1. Say a site is exposed when it is one of the GluC sites (Glu not before Pro), sits in a DSSP loop, and has at most 15 other Cβ atoms within 10 Å; what is then the longest site-free stretch of the chain?
2. Expressed as a rounded percentage, what relative contact order does the chain have, with Cα pairs under 8 Å and six or more residues apart?
3. Specify the residue with the greatest mean-square fluctuation among ALA66, ALA51, ALA37, computed from a Gaussian network of the chain linking alpha-carbon atoms under 10 Å apart.
4. For region 8-76, calculate the relative contact order in percent as a whole number, restricting contacts to Cα pairs under 8 Å that are 6 or more residues apart.
5. Amide H neighbours of LEU15 under 5 Å, at least 5 residues apart or on other chains, H built in the peptide plane: list them.
6. Could you grab the Rg to Rh ratio for region 9-117? Cα atoms only, Kirkwood for Rh.
7. Using θ = phi - 60° and the Karplus relation 6.51 cos²θ - 1.76 cosθ + 1.60, list the HN-Hα couplings for region 8-22 in order, rounded to whole Hz, with x at every Gly or Pro.
Amino acid sequence: MAKIQNYRALEVKYLGPTNSSGSKIKIIDHRFDKSKAIPYNHSENSALDGAVSYLEKLGIKFLGKAESKDSMFLFTDNFSTDITIKPYEIKEISEDKFNKINKENSTKIGSEKYVLKHMSGSLKDIEDYAVSLQKEDKKFIVYKKQGVSKDGKYKGKNVWIVLTKAGFFD
């Protein structure tokens, strides 16, 4: 028998509006017995496009799709990302701001102080750390910088840093 590649299937269903809420997209992860309902964005072409947009923000890439009578399925080789976490944005950071945060181990954003908590040359490492912060409902920001950390460790590579709102750990 030929070897068949194993994938994680995520089911996508359109949920019409009710008297109390608008249309939604339901994403079902049968492997981990979890589901997530997200608002249907009418600027997307379909529920499938809305689900893909949401899941790609979580870092999930897709290798294929299939359809049944009542739903669509997306196939990925990502077996680790929890579909129920909130997507977070990775922001680019200027060299000056990066160096200042790196030197002072903190920065002020608006009226709130944020503290440097984690730095890595591995996006997977940062994603795992961000998920742990989300599970604890912590406020955080992720920045990406092409460059060098203060010890020169990441010269010429992408560096990701995580800042948490001061007071959560301090």
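Throughout, read-outs are computed from the coordinates displayed, never taken from laboratory work. Since the structure is predicted, the reported quantities are computational estimates derived from the model, not experimental observations. Virtual Cβ from ideal backbone geometry, glycine too; neighbours counted across all protein chains shown.
1. 90-135
2. Numbers: 282 pairs, mean separation 29.2, N = 170.
It rounds to 17 percent for the chain.
3. Greatest mean-square fluctuation among the candidates belongs to ALA66.
4. Worked out over region 8-76, it gives 34 percent.
5. Result for LEU15 returns LYS24, ILE25, LYS26.
6. With Rh from the inverse mean 1/r over Cα pairs, Rg/Rh is 1.13.
7. The phi angles translate into 8, 9, 10, 8, 10, 10, 8, 10, x, x, 10, 5, 10, 8, x Hz.
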